[in-house]
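K.L.:
Sharing a structure below in structure tokens format, with a few things to ask.
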Amino acid sequence: MAAKAKRQWPFWEFTLIVAILGAGAWSSTLSPYYLSVDQLFGSTRAFIIPGLLALGLAVVVSLGEIDISLASIIAVGTVTLSKFSAAGVPLGVSAPIVVAIGALCGAFNGLLVAKWRLPSLAVTLGTMGAYRGLAFIIGSEVGYTDFDDSYLWLGSEYIFHGIVPVSLIVFALMAILVWFLMHRTVYGRRCFSIGLNTDASWFAGVDVTETKIRAYALAGALAGLAAIVWIGQYGSARGDNADGSILFVVTAVVLGGIDINGGRGTISGVVLALFLLGTIRNGMGLANIGGPTQTVVLGSLLVAGVLRPAAAAALARLSNPARLKAAGPQGVESSGQE
Amino acid sequence: MSDQPVPAEAAPSRNLVQFVLRLREAGVVVFLVLLGLTFGLLNDRFLSVQNLTIVASSAAILAIAACAQGVVLITRNLDVSVGSMMGLVAYLTADWTANHPGISPAEVVAIAVVLGIGLGAINGLLVAYGKVPALIGTLGTMSLYRGLTYIYAHGQEVSSSRLPHWMLESADIRIAGCPIYVIIAIIIVMAVAWFLYAYPLGRRIYAVGSNGVAAWFFGLRAERVVMFAYVLCGFLCGIAGLLYAARVGTVNVVLASGWEMSSLAAAVIGGVSVSGGSGTVIGAALGAVVLAAIDNGLVLLRVPEFWRMFIQGAAIVAAVAVDALIAEAIRRSTAGRRR
Amino acid sequence: MSAIESGQPIREPIMALKGIGKSFGPVKALEDVGFDVYPGCVHGLVGENGAGKSTLVKIITGLEQADEGEVILAGKSVAFRTPIEARSHGVAAVYQDPKLFPHLSVAENIAMGAYPAGWLGGLDRRRMIETARHHLARLGSDLDPRRTVAGLSVAEHQFVEIARALSADVRVLILDEPTSALTPTEAERLFAVMRALRDRGTAVIFITHRLEEIEALSDTITVLRDRRHVATLPRAEVDRAKLVQLMVGRPLETLFTRRDRPSFGAEVLRVEHLSLEGVFADVSFSVRAGEIVGMGGLVGAGRTEIAQTLFGITPPTSGDFYLKGEKVAPNSPRQMLGKGLAYLPEDRDRDGLIMPETITHNITLPILKTLSRWAVIDRAGERRVAAKASETYNVRTPSVEAIVSSLSGGNRQKVAFAKWLATEPVALILDEPTHGIDIGSKAQVHAMVSQLADRGLAVVLISSDLPELIAMSDRILVIAEGALVAEFAHDEATQEKVMLAAARQSGRRRG
């Protein structure tokens, strides 16, 4: 039998681990400080915010949809927090509200995509601008930096003898939660089913609209959480917060092995891809490689990530041309005729 | 049920579809007029000839970019590297011009165009032949092109003092009181519109976007058509980038960043469908004028700039929703028994 | 007068098919099909659904490449890579579902691929519109060529398709069910055009389910059955009875006979005056526990639509539906599965299964709720359920972790059965359950359906396979053009009766 077991060996995850080790080894040659525990843990802070977005985006992409408005939702969250902080509202009250606002923004995307059946790319491109504008409208153009100390704790503090950032713990918890959601619960199974075949899933009694709206809301809520981390890390809130970070997020998801057309991939892959990107970025920072080059590397990795399935298919075709002949548009077309 | 004459029943929705499809651009014009009147009522300077000229010239380059985006959208794809292509072309061309004093205008244009075509071809290869989803592929090249601009620039900008006079002065040329950029934009948009309207390849661009399955059944080679659309998009971005460089004089690395968004907004507002096959580049150019008018009006009314972002985003969502309604009406009125 | 009837010497065939074979993965779509097509001759091509007609058309026009055999056009072996290439050689087809570009005008759709060139190499719109008008006029249609295709009726779509095929200088014209959406007057006009073309020497391959059309128009008739060539005969040598017999005739061992005297329980499913505007109207029937009610009819008669409406996919515009005496208003599959109705879709690979998933995941998808605690899936339990189900339904696989797309058609269908039956329904609608599966699996499916009914399920069996329909059903309903037109008890039903009833209303417009 050609395809006997579903996941024989987590090949892609393994590749990512090797790549991380390679990048780590390269980094350690650049700076003697690289391998210190402080440095390693500290460097993870760089990808916690995009990491939270990537976890949410992974769920959305597993459905075969996309959300590129997530970075703008962070900005909505940070400026809202600045208002709360200025009004003296304790974080215990404002944090859940901000997460809820994020979820609401996400759910609105989901409503447009799932209920009204608008193309997710165009819709979230629109809400990306709209939410960003909203953030500016709420927060005005001047940044707010006068945060109450309690607001900074989550994003800036370290625990365990000042080594492990609190935000890393938060990220780890969220990663485990999303992993569990996607790979162990009914909801996750339904997400992957919809991503593979929306119609068949609907025929099998899956509520597609509801599932999609929930995924968008979850991604929005994680963006809200990321906003709280942001305040701690940067201590400032402005309408342009996190602008442009969506490239990193999409790259992490794609490189993590989530099929951009939906239905396949693992959360562990996404987390590993985040580590890889973080390590590469950290290393490039140590090597004094500038931001622009980093952007080029990121862009190339993204393109490589999406070309990977196509390349694999091409390789398979080269090694075994006969078997794949029936596939392709012809195969799809032939069903449903007569 | 079976004896009823069908046409009588289906007629209203059918006419509506036809009507909307035909008159999408007219709708944009009507909207533009209403917008102008509103701004004119709120601020008497808005409708002055001088101000309208400003609106037109600020819309000119965006109109070309929107036209580039429109061509790709019609094939049911998308190009978010428009701004980066413009930036890279502008920087490289300006740098080359600065380092080669005495270069002729024709050579400069040729460099910009060739660069644009090359960058567009890379996008086209990725999307049409690499089967990479358009958003992801061009998101990658967007950062790639922008990053290359940074790397090449090394933090330097090409200052206006190093550029030839004819280039810097070109932006101020007026023919019969009309800025030359506006004329160039009109000529280019009209030429592309004519090409799409009247040439077989142009019609195939529409055909591929209109119904991919039909194109396959018909035997059209969709890859070539999509590839061509991206090359044309790159070509237009090359021209737009050069014009932008000449207008601002000092070319820096962030030139035209964010234009992928503006060009898309302009095209979608101008009635180009994100689900392919419908809309015209003239509409896209009109969309650019709408955006420029909103910008200008908001400035005159002293509304903070960031409202523009919100309005632009909301406009995209609204335009997409209208689009989806039309697509739904088409689907319902067209053959096909399944859902 | 056709060439054959007028007694002219028979010319060389314009097109000859030799041993055409094609398979999609493990599924055979065509085996060893061969016949000759002569110029000036209407060649009728008939066969039941799934007999391979559409695949054959696709191979001739270059949409699919044959695995075996060759197509010979005017003495030369050809293998077109695209329909455009075929058209340039004078071979054009009109497909079953019109495939047009909705945003473009009628004229452009007709001219696409062969634009008249005008000024500076641009296209000459005036000439394009004139040509389109001319071709449409030949079909007796006064459709405005400048209109956008979006918004045209199905019949108008069909005319545009036909006009497009005619616009090339055709030597071989293939019409795949061209009249299914036409009124009798429109169909008559089309037939006149076909006769005119034939008299000019064009070869017309004509595919239809309507036997009276075949009788009225064809000079030669080819019958396909089970993806094989059965016979090619001159019109004079066949009558309708013979045609039907050739189409449905089948080796005896494939037939499964239902148990002798079934006893039925209480009424499980009752449908009253169910209508979906423009698709079907005023359909009423009921099914009792343990009963298999067959539903026969032509493709496009509305059977699948009735089933999908009951399953909540397209809610009805009027009418009532009772399940176990309880009135339900179907609005989603999820709701209907909850009420105990399961539906095995016609297009198994597209709607029935998630092909790239494992057997386990497919079987348990509708019942995940019951297999989980606190929304966490009990994975061991899930595998147990799947293993048991695939054993019960005889799925031949090395493991339940196998990917469904690697299975054969028959095994896929068994997985689909296992999946729907895992929901423990009280009523089951089967839509073409043996379509495209091999003979061995077919018998197993028949036995399975029979057993299910014996266990007390109410079964609705939609099938275009007449022997199957008659052998399996306790009662047969015939649907034609969206209406219930006949009902036969098991004893009184014959293939001929059912087919005649199904074709009876032919020619009337579908709303």
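K.L.:
(1) closer than 21 Å to C:Val91 by Cβ; (2) modelled with pLDDT of 80 or more; (3) buried (at least 19 other Cβ atoms within 10 Å of the Cβ): which one isn't true of C:Ser167, the others all being true?
P.N.:
(2)
K.L.:
Here is a check on your reading of the model: is B:Ala284 in a helix (DSSP H, G or I), touching a strand residue (DSSP E or B) at 6+ places or on another chain (Cβ under 6 Å) and at pLDDT 85 or above?
P.N.:
No: the conditions fail for B:Ala284.
K.L.:
Go through region B:183-193 and count every residue that is under 25 Å from B:Ser275 (Cα atoms) and either in contact with a Gly (Cβ under 8 Å, 6 or more places away or on another chain) or buried (at least 18 other Cβ atoms within 10 Å of the Cβ) (or both).
P.N.:
Total meeting the criteria: 4.
K.L.:
Any idea which of A:Leu181, A:Leu125 is in contact (Cβ under 8 Å) with a residue 40 or more places away in the chain, crowded, with 22+ Cβ neighbours inside 10 Å and within 13 Å of another protein chain (Cβ to nearest Cβ)?
P.N.:
Being in contact (Cβ under 8 Å) with a residue 40 or more places away in the chain, crowded, with 22+ Cβ neighbours inside 10 Å and within 13 Å of another protein chain (Cβ to nearest Cβ) holds for just one of A:Leu181, A:Leu125, which is A:Leu125.
K.L.:
Shifting gears a bit: Any idea which of (1) out of contact with any Leu (no Cβ under 9 Å at 6 or more places or on another chain); (2) within 26 Å of B:Leu47 (Cα to Cα); (3) away from chain A (no Cβ under 14 Å) is the one B:Asp295 doesn't satisfy?
P.N.:
Among (1) out of contact with any Leu (no Cβ under 9 Å at 6 or more places or on another chain); (2) within 26 Å of B:Leu47 (Cα to Cα); (3) away from chain A (no Cβ under 14 Å), B:Asp295 violates only (3).
K.L.:
Could you list, in sequence order, all residues of region C:134-152 that are among the polar types (S, T, N, Q) and more than 20 Å from C:Ala93 (Cα to Cα)?
P.N.:
The answer is C:Thr148, and nothing else.
Quick grid of which residues meet (1) surrounded by fewer than 18 Cβ atoms within 10 Å (Cβ to Cβ); (2) within 11 Å of chain B (Cβ to nearest Cβ); (3) in contact (Cβ under 8 Å) with a residue 60 or more places away in the chain; (4) over 30 Å from B:Tyr199 (Cα atoms):
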position	(1), (2), (3), (4)
C:Leu56	no, no, yes, yes
C:Arg81	yes, yes, no, no
C:Ser88	yes, yes, yes, no
C:Ala93	no, yes, yes, no
C:Lys99	no, yes, yes, no
C:His103	no, yes, no, no
C:Val106	no, no, no, no
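K.L.:
From the list A:Phe171, A:Phe160, A:Phe203, pick out the single residue that is buried (at least 22 other Cβ atoms within 10 Å of the Cβ), away from chain C (no Cβ under 14 Å) and not charged (D, E, K, R).
P.N.:
A:Phe171
K.L.:
Across region B:252-281, what is the number of residues that are outside any helix (DSSP H, G or I) and either away from chain C (no Cβ under 14 Å) or more than 30 Å from B:Leu325 (Cα to Cα) (or both)?
P.N.:
Summing the residues that are outside any helix (DSSP H, G or I) and either away from chain C (no Cβ under 14 Å) or more than 30 Å from B:Leu325 (Cα to Cα) (or both) in region B:252-281 gives 8.
K.L.:
Then there is this: State yes or no: is C:Lys414 surrounded by fewer than 20 Cβ atoms within 10 Å (Cβ to Cβ) and either within 27 Å of A:Cys191 (Cβ to Cβ) or of a type in the set (Lys, Arg) (or both)?
P.N.:
No; evaluated as a whole, the condition is false for this residue.
K.L.:
In region C:125-137, how many are touching a helix residue (DSSP H, G or I) at 6+ places or on another chain (Cβ under 6 Å) and not hydrophobic (A, V, I, L, M, F, W, C)?
P.N.:
Selection size over region C:125-137: 1.
Let's see how each residue does on (1) at pLDDT 80 or above; (2) within 16 Å of A:Gly77 (Cβ to Cβ):
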position: A:Gly110; (1), (2): yes, no
position: A:Thr124; (1), (2): yes, no
position: A:Arg132; (1), (2): yes, yes
position: A:Ile137; (1), (2): yes, yes
position: A:Ser156; (1), (2): no, no
position: A:Pro165; (1), (2): yes, no
position: A:Gly188; (1), (2): yes, no
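K.L.:
Collect the residues in region B:163-182 that are surrounded by 16 or more Cβ atoms within 10 Å (Cβ to Cβ) and assigned to a helix (DSSP H, G or I), keeping them in residue-number order.
P.N.:
Residues satisfying the conditions are B:Met167, B:Leu168, B:Ser170, B:Ile180, B:Tyr181, B:Val182.
K.L.:
Residue check, C:Asp282 against (1) away from chain B (no Cβ under 14 Å); (2) farther than 19 Å from C:Met472 by Cβ; (3) surrounded by fewer than 18 Cβ atoms within 10 Å (Cβ to Cβ), all met but one. Which one?
P.N.:
Just one mismatch for C:Asp282, condition (1).
Results for (1) surrounded by fewer than 24 Cβ atoms within 10 Å (Cβ to Cβ); (2) within 20 Å of B:Ala315 (Cα to Cα); (3) free of Cβ contacts under 8 Å to residues at least 40 places away in the same chain, shown as yes or no for each residue.
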{"site": "B:Leu41", "(1), (2), (3)": "yes, no, yes"}
{"site": "B:Leu47", "(1), (2), (3)": "yes, no, yes"}
{"site": "B:Ile74", "(1), (2), (3)": "no, yes, no"}
{"site": "B:Ala90", "(1), (2), (3)": "no, no, no"}
{"site": "B:Pro105", "(1), (2), (3)": "yes, no, no"}
{"site": "B:Ala110", "(1), (2), (3)": "yes, no, yes"}
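K.L.:
Same structure again: Counting only residues that are crowded, with 19+ Cβ neighbours inside 10 Å, at the interface with another protein chain (Cβ under 10 Å from one of its Cβ atoms) and in a loop (DSSP other than H, G, I, E, B), how many does region C:58-79 have?
P.N.:
Adding up the residues that qualify gives 3.
K.L.:
Could you run through region B:207-227 and say how many residues are assigned to a helix (DSSP H, G or I), within 24 Å of C:Thr148 (Cβ to Cβ) and of a type outside the set (Val, Ile, Thr)?
P.N.:
10
K.L.:
Here is a follow-up. What's the number of the only condition in (1) of a type in the set (Val, Ile, Thr); (2) within 14 Å of chain A (Cβ to nearest Cβ); (3) outside any loop (DSSP other than H, G, I, E, B); (4) over 30 Å from B:Leu41 (Cβ atoms) that B:Ile239 fails to meet?
P.N.:
B:Ile239 satisfies every listed condition except (2).
K.L.:
Between residues in region C:187-200 that are not assigned by TED's automatic domain parsing to the domain that holds C:Gly40 and residues that are part of a helix (DSSP H, G or I), which pairs lie under 9 Å by C-beta distance while being six or more apart or on different chains?
P.N.:
Filtered contacts from region C:187-200: no entries.
K.L.:
Another question, if that's okay. Looking at (1) among the hydrophobic types (A, V, I, L, M, F, W, C); (2) within 16 Å of the chain's Cα centre (by Cα); (3) surrounded by fewer than 24 Cβ atoms within 10 Å (Cβ to Cβ), which is the only condition A:Val89 fails?
P.N.:
The number of the failed condition is (2).
K.L.:
It is to be established whether one or more residues within region A:233-250 are more than 14 Å from every other protein chain (Cβ to nearest Cβ) and either part of a helix (DSSP H, G or I) or closer than 16 Å to A:Val297 by Cα (or both).
P.N.:
There is at least one residue in region A:233-250 that is more than 14 Å from every other protein chain (Cβ to nearest Cβ) and either part of a helix (DSSP H, G or I) or closer than 16 Å to A:Val297 by Cα (or both).
K.L.:
Restricting to region B:312-339, count the residues that are part of a helix (DSSP H, G or I) and either modelled with pLDDT of 85 or more or within 7 Å of another protein chain (Cβ to nearest Cβ) (or both).
P.N.:
Counting residues in region B:312-339 that are part of a helix (DSSP H, G or I) and either modelled with pLDDT of 85 or more or within 7 Å of another protein chain (Cβ to nearest Cβ) (or both) gives 11.
K.L.:
Kindly establish whether C:Ala155 is more than 13 Å from every other protein chain (Cβ to nearest Cβ), touching a helix residue (DSSP H, G or I) at 6+ places or on another chain (Cβ under 8 Å) and either of a type in the set (Asp, Glu) or in a helix (DSSP H, G or I) (or both).
P.N.:
no
K.L.:
Related question: Only one of (1) crowded, with 21+ Cβ neighbours inside 10 Å; (2) over 22 Å from the mean Cα position of the chain (by Cα); (3) outside any loop (DSSP other than H, G, I, E, B) is not met by C:Ile174, so which one is it?
P.N.:
Here C:Ile174 clears every test but (2).
K.L.:
Check B:Gly249 against each of (1) more than 14 Å from chain A (Cβ to nearest Cβ); (2) at positive phi; (3) buried (at least 24 other Cβ atoms within 10 Å of the Cβ) and name the one condition it does not meet.
P.N.:
B:Gly249 satisfies every listed condition except (3).
K.L.:
Here's another thing I want to ask about it. Tally the residues that are at pLDDT 85 or above and within 12 Å of the chain's Cα centre (by Cα), restricting the search to region A:217-247.
P.N.:
Count: 6.
K.L.:
Pairs only if they're at least six apart or on different chains, beta carbon under 7 angstrom, first in region C:254-278 and among the hydroxyl-bearing types (Ser, Thr, Tyr), second crowded, with 19+ Cβ neighbours inside 10 Å and at pLDDT 85 or above; list them, first residue then second.
P.N.:
C:Ser263/C:Gly290; C:Ser275/C:Ala281; C:Ser275/C:Pro316
The values are calculated or read from the model by the stated rules, or taken from the named source; none is laboratory data. The structure presented is a predicted model; accordingly, all values stated were derived computationally and were not measured. Methodologically, a virtual Cβ is constructed for each residue, glycine included, from the backbone with ideal geometry; neighbour enumeration extends over all protein chains shown.
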